Amino acid sequence: MNLSFFDQFSSPYLMGMPLALLSILFPTLLFPSPNTRWVNNRLTTLQSWLIHLTTKQLMTPLNKKGHKWALILTSLMMLLLTINLLGLLPYTFTPTTQLSMNMALAFPLWLATLLTGLRNQPTTSLGHLLPEGTPTPLIPALIMIETTSLFIRPLALGVRLTANLTAGHLLIQLISTATAVLLPIMPAISIATMLILLLLTILEVAVAMIQAYVFVLLLSLYLQENI
């Protein structure tokens, strides 16, 4: 039976049970748990350095009130980063290629930032819907446009992550299929295609890391507007 290129994005099943939840929770098992030792091993030290660097980059634009979000934003960053990188391995499933999962992450966090602003500074948060110095005839139209752009934010977060990872996986599969087909027919062209595949794989590793960072960075910027 011929498989479609999009079969790689369908949730795997084992004995009738979906394994999507297992693929989401598995990356958390790869991080070593912290301990009370004064001297840690290299892996734990590298992990602590990476988490500290990520937290510093995310919390720098925020004031002291926004530092309460450090744990959830850093944890989300590590989760997305690990899932995206593991999804590039052969015979694996990438949960972040599913729009349902990305929207389930984006919408509640965006709503939390919005409700935080409405609770702490309602006047300033509502003031973002109308730029200062707007002519009176344009006020209704600008309020509608800004309100629409506000509610599009979680959709843009989820679609951006899904589209970038899905496009990368499809390109890798298409080029790898072309490499395998051309190998017995035109070996020279197949080798050139294999080099393109190698470069594309390196690019996808960078995309997987960048998209995880961009997802969390945009959430921190939304939080910055509301605190």
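The values are calculated or read from the model by the stated rules, or taken from the named source; none is laboratory data. What you see is a predicted model, and the numbers here were worked out from it, not measured in a lab. Accessible surface is based on the protein model in full, side chains and every heavy atom, while ligands, DNA and RNA are left aside. Shrake-Rupley method; radii C 1.70, N 1.55, O 1.52, S 1.80 Å.
By accessible area, using a 1.4 Å probe on protein heavy atoms only, the chain has 74% of its surface on carbon and sulfur.
Over the chain, the ratio between the Cα radius of gyration and 2.2 N^0.38 Å evaluates to 1.26. Sort the range 38-122 into rounded, prolate or oblate with this rule: let a ≥ b ≥ c be the square roots of the eigenvalues of the Cα gyration tensor; rounded if a/c is under 1.5, and if a/c is not under 1.5, prolate when a/b is larger than b/c, oblate otherwise. Cα axes put the range 38-122 in the oblate bin. Average projection, convex hull of the Cα set of the range 142-192: 4.8 square nanometres.
Taking all protein chains into account, the per residue accessible area for the chain stands at 64 Å² (1.4 Å probe). Size descriptor for the range 161-227, Kirkwood hydrodynamic radius: 13.8 Å (Cα pairs only, one decimal). Put simply, the Cα atoms of the range 99-227 extend 69, 30, 22 Å along their principal axes, the longest span coming first. Taken over the range 108-167, the alpha-carbon convex hull comes to 93 cubic angstrom per residue.
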